[in-house]
């Protein structure tokens, strides 16, 4: 299966290079005839969809290969592989969809299968994580459905103008806000950020797939495709939200000890970076960062999975330490991914992140936005260096029982392949995505600003870790609020459910067991036969009755449109 995905990845990559050279778009249409209606299925193939499809299939092939050994002791490994393939298929449908209808199919498929993967290991923690994941993503599904309903009112049922390239909706602010809101839920922007670290309850291969190129990137890809809808109001809102998401995830990651959660928070930070560039109108640069980030983030998760296996299936970074002696290959590959994440020059992440920073310095959004951007860039370096220090350098918490997993080529093979691909992806994608280099004119202090921030952050984190100052903040209020992600999980989950359950108990006592029950008994005592039978049909969920009510509302809708 991984061989098939790799071959298909090579085919789509060559198609993307060919279409990028021609600057053209191909629509493939199938007409499925039936007895009543002809159904048209259209696929959109351009350089953007082909490049993204190639990256998704490349990561999927390596994840499936990696899972063969990682999930070897699982009795339901075949079911896991089928769920992963269904997850990839939903993302493929979303990538090649030319209109909002077919996008909804892939969008819903991602949400449903992600819930099945998060609750794969049955426990109370995974059940809660799966519920907050599916409910947060369901908010985005509702926004997509509302945008379809608004399309139906404006487009007058003309399906040919609902494509991604249509500009007849560019002045509709409601549709733009709905699409932006849906993208925020899928890409876990504030206030929907709580589900992303909670989804770490899924197996590590799923985390590598979800956090690199599938579920969380669907919102960014949707905004890039619907970039013609973005007005000034949406850009301002997205700029503020993405900046706060970057800052929040960076601060929280510094105080986190769970290895997978630190990497998940780094994903949240990079998603904020992509949304930040989209709000500035840099759609092509955001897509470039999306592709380069997907490759080294998948590499980071696969390396983390080998470390977790090696130290006895624990994710607490305090149980690590000195693993560079037992895992030299994984240490090299993971640090390469960390360097790319930090934006170290000539690594994959440098080509996209430095371009975003320099083009943002040319914008006119104010000094505060630039200051926050550089602060978030420094926070990325801080938690990346801290993660590498706790895992490979700090001998204080190292475990003596370490199983060397590097001899298993099924685990180390995908890591080496993704390392090589992520190393060459930065300059290669830059050359393929941009036909000519960007002309950027900046003062010297801004031109060297990103490299200066990276250097200072490296030195600062080295001093903090050596002096153990970061551990002295363990009991501070900042540490407690950061551990709870600024109380976002409480706001998204417990805070809402507690209020809702208390109110529903009141409504139950007042209405169902109160005056409604009393007066309904009075009415049914006067007309017992007819009303009792009518109530029974409703209470037993008669299918014919529900269909009749649905047809009445559908008829009223058609009458309104005509």
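The values are calculated or read from the model by the stated rules, or taken from the named source; none is laboratory data. Computed from a predicted model, the values in this text were never measured in an experiment. Counting neighbours? That spans all protein chains shown, and the Cβs are built from the backbone with ideal geometry, glycine included.
Just one of (1) more than 14 Å from the chain's Cα centre (by Cα); (2) within 13 Å of residue 206 (Cα to Cα); (3) in contact (Cβ under 8 Å) with a residue 12 or more places away in the chain fails for residue 102. It is (2).
In the set (1) closer than 28 Å to residue 152 by Cβ; (2) at pLDDT 85 or above, the condition left unmet by residue 174 is number (2).
If you filter the stretch 309-347 down to residues that are part of a helix (DSSP H, G or I) and at pLDDT below 85, you find that the one that is nearest to residue 276 (Cα to Cα) is 317. The sole residue among 192, 157, 151 that is modelled with pLDDT under 80, buried (at least 21 other Cβ atoms within 10 Å of the Cβ) and in contact with a helix residue (DSSP H, G or I) (Cβ under 8 Å, 6 or more places away or on another chain) is 151. Considering 206, 252, the condition of being touching a helix residue (DSSP H, G or I) at 6+ places or on another chain (Cβ under 7 Å), over 26 Å from residue 112 (Cα atoms) and surrounded by 24 or more Cβ atoms within 10 Å (Cβ to Cβ) is satisfied by 252 alone.
Checking each residue in the stretch 421-451 for being surrounded by 14 or more Cβ atoms within 10 Å (Cβ to Cβ) and free of Cβ contacts under 8 Å to residues at least 12 places away in the same chain picks out only 428. Among the conditions (1) surrounded by fewer than 17 Cβ atoms within 10 Å (Cβ to Cβ); (2) touching a residue at least 60 places away in the same chain (Cβ under 8 Å), the only one that residue 325 does not satisfy is (2). Quick one: would you say residue 127 is more than 20 Å from residue 189 (Cα to Cα) and in a helix (DSSP H, G or I)? Criteria met by residue 127. Residues that are within 19 Å of residue 52 (Cα to Cα) and in a helix (DSSP H, G or I) are absent from the stretch 243-262. If we scan the stretch 234-257, do we find a residue that is touching a residue at least 60 places away in the same chain (Cβ under 8 Å) and in contact with a strand residue (DSSP E or B) (Cβ under 8 Å, 6 or more places away or on another chain)? There is at least one residue in the stretch 234-257 that is touching a residue at least 60 places away in the same chain (Cβ under 8 Å) and in contact with a strand residue (DSSP E or B) (Cβ under 8 Å, 6 or more places away or on another chain).
Selection over the stretch 402-435 of residues that are outside any helix (DSSP H, G or I) and either at pLDDT 85 or above or in contact with a strand residue (DSSP E or B) (Cβ under 6 Å, 6 or more places away or on another chain) (or both) gives a count of 0.
Could you list, in sequence order, all residues of the stretch 78-87 that are crowded, with 22+ Cβ neighbours inside 10 Å and either under 17 Å from residue 179 (Cα atoms) or touching a helix residue (DSSP H, G or I) at 6+ places or on another chain (Cβ under 6 Å) (or both)? 87 - this is the single residue of the stretch 78-87 that is crowded, with 22+ Cβ neighbours inside 10 Å and either under 17 Å from residue 179 (Cα atoms) or touching a helix residue (DSSP H, G or I) at 6+ places or on another chain (Cβ under 6 Å) (or both). Candidates 128, 97, 136, 102: the one that is farther than 29 Å from residue 177 by Cβ and either buried (at least 18 other Cβ atoms within 10 Å of the Cβ) or out of contact with any helix residue (DSSP H, G or I) (no Cβ under 6 Å at 6 or more places or on another chain) (or both) is 128.
Scanning the stretch 214-232 for residues that are at pLDDT 80 or above and not in a helix (DSSP H, G or I) yields 214, 215, 216, 226.
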